[in-house]
1. Kindly indicate whether B:D243 is in contact with a His (Cβ under 9 Å, 6 or more places away or on another chain) and charged (D, E, K, R).
2. For residues that are surrounded by 18 or more Cβ atoms within 10 Å (Cβ to Cβ) and of a type in the set (K, R), scanning just the range A:128-147, find the one that is farthest from the other protein chains (Cβ to nearest Cβ).
3. Any idea which residue in the range A:104-127 is surrounded by the most Cβ atoms within 10 Å (Cβ to Cβ), counting only those that are outside any helix (DSSP H, G or I) and more than 8 Å from chain B (Cβ to nearest Cβ)?
4. Within the range B:66-81, which residues are closer than 23 Å to B:R174 by Cβ and at pLDDT 80 or above?
5. Can you give me the number of residues within the range B:203-215 that are more than 19 Å from the chain's Cα centre (by Cα) and surrounded by 17 or more Cβ atoms within 10 Å (Cβ to Cβ)?
6. Take the residues in the range A:1-46 that are more than 14 Å from every other protein chain (Cβ to nearest Cβ) and surrounded by 14 or more Cβ atoms within 10 Å (Cβ to Cβ); name whichever of them is nearest to the chain's Cα centre (by Cα).
7. Which number in (1) under 19 Å from B:N218 (Cα atoms); (2) surrounded by 14 or more Cβ atoms within 10 Å (Cβ to Cβ) marks the one condition that B:Q253 misses?
8. Would you be able to say whether some residue in the range B:93-116 is under 22 Å from B:P240 (Cβ atoms) and touching a residue at least 12 places away in the same chain (Cβ under 8 Å)?
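The values are calculated or read from the model by the stated rules, or taken from the named source; none is laboratory data. All figures in this text were calculated on a predicted structure; none of them were measured in a lab. Please note: Cβ atoms are built from the backbone with ideal geometry, for glycine as well, and neighbour counts cover all protein chains shown.
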Amino acid sequence: MSVGPFETLASVRDFLTRDVLPAVPKEIAGEVRAAVKLLEDVADELDWLPAVLHAECEEMLALRIKTQDVIATETDDELRRKIVSPPGNTREQLELHRTMSGMVTSVVLKLQAGIREPSLESDESMKWRDLLDQHYAMLGRHAETRLRWQSVFEKRSEP
Amino acid sequence: MGAVAPTATDQLHEGLRAFLVAQYGASVKLSGLRRLTGGTSHETWAFDLSTSPHAKESIRPLILRRDFSDDRLDLDLATEFVLLQRLYAAGVPVAEPVFCEHRNSPISTPFIISERLPGTDIRKRMAQNKDGARALGLSLTAIQAGIHCLDWRKVLGDVLSPPATNAAVSEVSRWSRIATECAREPQTLLFAAIDWLGAHAPDDSPSTLVHGDFKANNLVFDPTGRVAVIDWELSHISDPLEDLAFTMLWTSQYDLVGGMLSEEDYIAAYEHASGSRVDRERLFFWRLFAQVKVAAIFLKGLRTESVEASIRPSLVMLGRAMPWIEQRIAELLRNALNERNAA
């Protein structure tokens, strides 16, 4: 077996910390430390990302189906199939996630515009608000998951 | 602001010395030039200046601030320098501005030289005096209220212009444009926040000078306790509650809110110091806006205008912190939605 990806990233971090950091001028040292931290965060992200992307795409699809009663939204079969059986490649999974996120953006903006319409009936309005709240809650959870992969603010322990 | 042109200390020393010789004559002595940490859009260098090498007491501690590039988010350096001169003269606690070179800079980019307070930052000051956190918080809030109470039309009327439309519309438009241009993928919550702000801008609000980035690491102290508010590049004329909301973004143990005062105590202290009531609904609007503004700043850092320079890892780190903003946007939008449902 060759050197694994996480071991490779760890050895680059080690090299930067032990050999590069003491050798660079003080004004660059902060950037080298940031680079080390980024490699650490990204290693952890790569470890969890495929499972997270899959779960989030499924959740976005489920909410999209729920929204169909209120807003005319279509999800083609090919997309559904990809979400149920996600691509093995992380880049393709990221692309799929991006596509779903774009669709969610469009729905959220429609729901926001809709609840501002004075002509919307009261019970319809409640339905729209409830769906919008579910979207905000879902997206908030997705953001919370990613707090683990950044080092500027307090981290979260488990995705 | 994404890229940094490498500056060798020797080159900077040489260029800076030439500039200072032109101001003070050949006997000028420049020593201790060193880069300070921090700063997302500019570099800060400390140095000591002596105009008479034989007299120790003539040594003056100074700071040089130079932009990484001309791609600034707000005030240009020359305007910022005049602003600082006026504020210093008006008794606002800022470091004394000394020089500004923005046309023929000998160090490749425009720069400002100002007084360096030989003191400490807020973290060290709080660590030295843990019991004094509340008193410190109250005095800093009073400084912020003092900035808002300044008669800006009289002091800065020819330096800063009020927004053409109302402040909320103008600020939302400016920062939304930056955030949208710099977004790399569908940033659903960010776009939702921008949409919400566009539909809920308050009709009228007072116009005051706002610092735009009034937070703990933009406050420095000298050993006597004198404080100076630094980094005025985001200052402008707007609703004072915009400034409060941006201060309320930062809530670590060293921050004004969260570290020194609770949110409610901070608002009460501000109301007491400014003599005006804080409209909670308007504050909510600016709190959501603050998230969009900081998102725009983080995202802009990920863009480099130069093919010769890389994006600094510290800016990539800020870009990766976007979920922190998104999570807060989700909370705020849910609050707005549920409050209206209850109403």
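1. In short, yes.
2. A:R129
3. The qualifying residue surrounded by the most Cβ atoms within 10 Å (Cβ to Cβ) is A:L120.
4. Scanning the range B:66-81 gives B:L75, B:D76, B:L77, B:A78, B:T79, B:E80, B:F81.
5. Qualifying residue count for the region: 1.
6. Here the residue is A:L9.
7. The failed condition is (2).
8. Within the range B:93-116, one or more residues are under 22 Å from B:P240 (Cβ atoms) and touching a residue at least 12 places away in the same chain (Cβ under 8 Å).
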